[in-house]
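Report on the following structure.
Read-outs: derived from the displayed coordinates by stated rules, not from any lab. Because the structure is predicted, anything quoted here is derived from the model rather than measured. Quick reminder, even Gly has a Cβ in these numbers, built from the backbone with ideal geometry, and neighbours come from all protein chains shown.
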Amino acid sequence: MIVLGLLDNAPFVSAPPGSMDVCVILLSARHPSLWVYYAFMGTVGEVLGGYLTYRLAGKGAQQTLESKVGQKRAQVIYKGFERFGSMTVLGGALLPPPFPFTTVLMTAGVMQYPRKKFLSALIVGRGVRFFVGAYLGRIYGQQIISFFSRHYRTAMYVLIAIAIAAGIGALIYFLWYRPARARKKREMDTGHK
């Protein structure tokens, strides 16, 4: 779980979104007496991963962040972070995937947000998220597991359909939408229509 937490918050290579949540819930469902342990280990892994990204971003990752989200969007994120600070970290830590939490971690590092405030918000946010998830997994996990074991084929077909739809969406974005935006931006920069 520690390794998964490190990968979940890594700025370059990431674990599948929500993998830590699924892991905590399933383990808590499988071993209900250990739900507190799983919630704690999930929190520790995520906090270590988040702190590592925060520290790496503090070493001059402003260009990386701006290339990842775009310069205009990065400026909006910086202003929002200046205004809300810890609430941004806390809210991001509580939100489930697909919220891009790595961007929040990197912004905190780039802006050299105070370490104690950053860690406090991160620990509270991730702790609440994983303790609630583990508790719900402990209570409802067996029903969820038995439902999916009865309907695994249907669930598999739905997941395959979602993956295909996501692949088509990504293909359209990278082959059509993104190049069209780049062309339009170049035309605007050069003053041609």
Over the chain, what relative contact order in percent results from Cα pairs under 8 Å that are six or more residues apart? 29
Rank the residues Arg138, Arg181, Arg126, Arg30 as a footprinting-exposure proxy: fewest other Cβ atoms within 10 Å of their Cβ go first. Arg181, Arg30, Arg138, Arg126
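Charges only on Cβ, +1 for Lys and Arg, -1 for Asp and Glu: so what's the dipole of the chain about the Cα centre, in debye to the nearest 20?
Around 520 debye, computed over the chain.
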Picking from His31, Ala74, Leu90, whose Cα lies most toward the positive end of the charge dipole for segment 1-93 (charges on Cβ: Lys, Arg +1; Asp, Glu -1)? Ala74
Of the candidates Ser120, Phe12, Gly133, the farthest towards the positive dipole end of segment 2-141 (Lys/Arg Cβ +1, Asp/Glu Cβ -1, centred on the Cα centre) is Ser120
Fewest to most neighbouring Cβ within 10 Å: what's the order for Leu52, Leu65, Leu90, Leu175? Leu175, Leu52, Leu90, Leu65
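If I take R0 = 22 Å and measure r between the Cβ atoms of His31 and Val128 in this structure, what FRET efficiency does the formula 1/(1 + (r/R0)^6) give, to the nearest 0.05? If you can, show how the numbers build up before the last one.
Details: r = 21 Å, r/R0 = 0.97.
Calculated value: 0.55.
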Can you sort Asp8, Asp21 by how many other beta carbons sit within 10 Å, fewest first? Asp21, Asp8
What whole number of Å gives the distance from the Cα centroid of segment 144-191 to the Cα centroid of segment 22-51? 29
Nearest 10, in degrees from 0 to 90: the angle of helix 35-57 to the longest Cα principal axis of the chain is 20
Once both axes come from the Cα atoms, what is the angle between helix 71-84 and the longest principal axis of the chain, in degrees from 0 to 90, rounded to 10? 60
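Say R0 is 22 Å: what FRET efficiency, to the nearest 0.05, do Gln62 and Ala166 get from their beta-carbon distance? Before the final figure, lay out each step's value.
Working: r = 30 Å, r/R0 = 1.37.
Computed FRET efficiency for Gln62 and Ala166: 0.15.
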